[in-house]
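The values are calculated or read from the model by the stated rules, or taken from the named source; none is laboratory data. Quick caveat: nothing in here was measured; it's all calculated off a predicted structure. Virtual Cβ from ideal backbone geometry, glycine too; neighbours counted across all protein chains shown. For the accessible areas, the whole protein counts, side chains as well, though only heavy atoms, and no ligand, DNA or RNA atoms are used. Shrake-Rupley method; radii C 1.70, N 1.55, O 1.52, S 1.80 Å.
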Amino acid sequence: MFTGTEKFNKGRVLNAGFDQIKDYWECFIFHDVDLLPLDPRILYTCPKYPRYMSTKVYEGGKVVKLTEFFGGVTAMSDLHFLDVNGYSNKFWGWGGEDNDMYWR
């Protein structure tokens, strides 16, 4: 949604979190509270390139593989985040900001 009538703007919240701690860290992991990576080989480290870390999730009692998605759990360096100018502030309510980030 592009209207400002929803209760929150997740992109703004993520950008504010980044802004508050950017001077202290070089690696950022953005994590939805309701998702956990299912692959034990996934390390919570900062990769050379931005990394989508929740490629498989439980949905409806089964494991679903997600493609062309960049939400849930992602890792990127401060330089990557700044290069794409953070998350979009256009999206209100749930959804949109992560798909927009995927295409950036």
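Here the chain is treated with +1 on each Lys and Arg Cβ and -1 on each Asp and Glu Cβ, and its dipole about the Cα centre works out to around 240 debye.
For region 23-104, the list of GluC sites (Glu not before Pro) that fall in a loop by DSSP and count at most 11 other C-beta atoms within 10 angstrom reads Glu26, Glu68.
Accessible surface comparison of Val33, Val13, probe 1.4 Å, protein chains only, largest first: the order is Val33, Val13. Of all DSSP-defined beta bridges confined to the chain, some 90% are antiparallel rather than parallel. Taking all protein chains together and rolling a 1.4 Å probe, Tyr102 ends up with roughly 80 Å² accessible.
Near the amide H of Gly86, within less than 5 Å, lie no amide hydrogens of residues on another chain or at least 5 residues away, with H placed in the peptide plane.
Each helix, a run of at least 4 DSSP H residues, gives -39500 (n - 2.57); summed and divided by the residues of the chain, these come to -6500 deg cm²/dmol at 222 nm. Across the accessible surface of the chain, with the other protein chains kept in place and a 1.4 Å probe, carbon and sulfur atoms take up 56 percent.
Once the 1.4 Å probe is applied to the protein heavy atoms, the chain comes out at 70 Å² accessible per residue. Residues in region 87-94 carry Karplus couplings, in order, of 7, 5, 9, 7, 9, 10, x, 7 Hz; the curve used is 6.51 cos²θ - 1.76 cosθ + 1.60 with θ = phi - 60°, and Gly or Pro positions show x. Classify the chain as rounded, prolate or oblate, taking a ≥ b ≥ c as the square roots of the eigenvalues of its Cα gyration tensor: rounded when a/c is under 1.5, otherwise prolate if a/b is larger than b/c and oblate if not. In terms of gyration-tensor shape, oblate.
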